[in-house]
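First up is the structure itself, then whatever we jot down about it.
The values are calculated or read from the model by the stated rules, or taken from the named source; none is laboratory data. What you see is a predicted model, and the numbers here were worked out from it, not measured in a lab. Neighbour counts are summed over all protein chains in view; Cβ atoms, including those assigned to glycine, are modelled from backbone coordinates with ideal geometry.
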């Protein structure tokens, strides 16, 4: 995780958080390089800040740029809401719901055996989540070997066999398939009625997503690796997805709110991507509370990366499959700086270690590699 602490000249402290796999220090250095965009500026003028990041440097913004902005914007929103004595969601138009449905991810750090996946899924059921997501696929790029393909289908069937009727199953593809392979998989699992298949093809190949959509009745979800409104414009125009997975930590909270308006005009729903810790989760909760077309929020920290719950002075917990809406000012949490500083990245011979999500060649990637660092 990457955290930011922003203090105004009035002494109000705001915090933000993001997770950039394998690029944490890149974002930190980018923030140092772009201090001119926020030091000495008002914490209320986030629209102008976005313009400085995206327009004024005369670069085509990418993931690290927008993540850096998102960290700052989250901290600014925290400051604004604390100054007003209200929770952030009230700055975003107020709530349309009091509870946020959640689904679990990160629960399948086990051997790729049907029985192991089945037992792991049962632990998610016990937690009361409204759904679960997993990537059952082995190594592969564009296509799977037939052996990997067969095992992947077996894992999906094993998990589906233990889920109660109210629980949705979401299948993660991590953008690694050619359209024909994604379509074949979709046809083989359609009878199991997954809630969606996620990022079936390369995230920037939205034509491929549209092709998959045309050949399956399973909803298509994507968006976590799209960083600007112009990238989403193509998605909307091509009708490349049913479910939008914008990530507030690498798109911006207010930008995500604007995107939700666009999605609503196309009858699409929002299921925010959330692989972070306490602030990322709270940002998702506050955002979802305000969305008329909000569907469900992702959650990792009851299974993978459980230790990141200690990064704040409290953590929102799941009750009956839902998060309750916080009522404290700002995001509603203070950071535990001592804990965060005690969790540096793992370094060997001066090189930051692989975060462990190389699903193209790492045979046990689903075990999540090294421990999470902050």
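Restricting to region 314-335, name every residue that is more than 22 Å from the chain's Cα centre (by Cα) and either farther than 17 Å from residue 5 by Cβ or free of Cβ contacts under 8 Å to residues at least 40 places away in the same chain (or both).
327, 328
Counting only residues that are outside any helix (DSSP H, G or I) and touching a strand residue (DSSP E or B) at 6+ places or on another chain (Cβ under 9 Å), how many does region 278-319 have?
Residues flagged as outside any helix (DSSP H, G or I) and touching a strand residue (DSSP E or B) at 6+ places or on another chain (Cβ under 9 Å) within region 278-319 amount to 17.
Is it true that some residue in region 45-55 is modelled with pLDDT of 95 or more, more than 24 Å from the chain's Cα centre (by Cα) and not in a helix (DSSP H, G or I)?
Taking every residue of region 45-55 in turn, at least one turns out to be modelled with pLDDT of 95 or more, more than 24 Å from the chain's Cα centre (by Cα) and not in a helix (DSSP H, G or I).
I'm told residue 25 meets every condition in (1) closer than 30 Å to residue 347 by Cβ; (2) touching a helix residue (DSSP H, G or I) at 6+ places or on another chain (Cβ under 7 Å); (3) in contact (Cβ under 8 Å) with a residue 40 or more places away in the chain except one. Can you identify the failing condition by its number?
(2)
Looking at residue 261, is it at pLDDT 95 or above and not in a helix (DSSP H, G or I)?
no
If residue 219 satisfies all but one of (1) touching a strand residue (DSSP E or B) at 6+ places or on another chain (Cβ under 7 Å); (2) surrounded by 22 or more Cβ atoms within 10 Å (Cβ to Cβ), what's the number of the condition it fails?
Of the numbered conditions (1) touching a strand residue (DSSP E or B) at 6+ places or on another chain (Cβ under 7 Å); (2) surrounded by 22 or more Cβ atoms within 10 Å (Cβ to Cβ), the odd one out for residue 219 is (2).
Can we say residue 237 is out of contact with any strand residue (DSSP E or B) (no Cβ under 7 Å at 6 or more places or on another chain), in contact (Cβ under 8 Å) with a residue 12 or more places away in the chain and more than 28 Å from residue 147 (Cβ to Cβ)?
no
Quick check on my filter: what residues within region 325-339 are touching a strand residue (DSSP E or B) at 6+ places or on another chain (Cβ under 6 Å) and in a strand (DSSP E or B)?
Scanning region 325-339 gives a single hit, 335.
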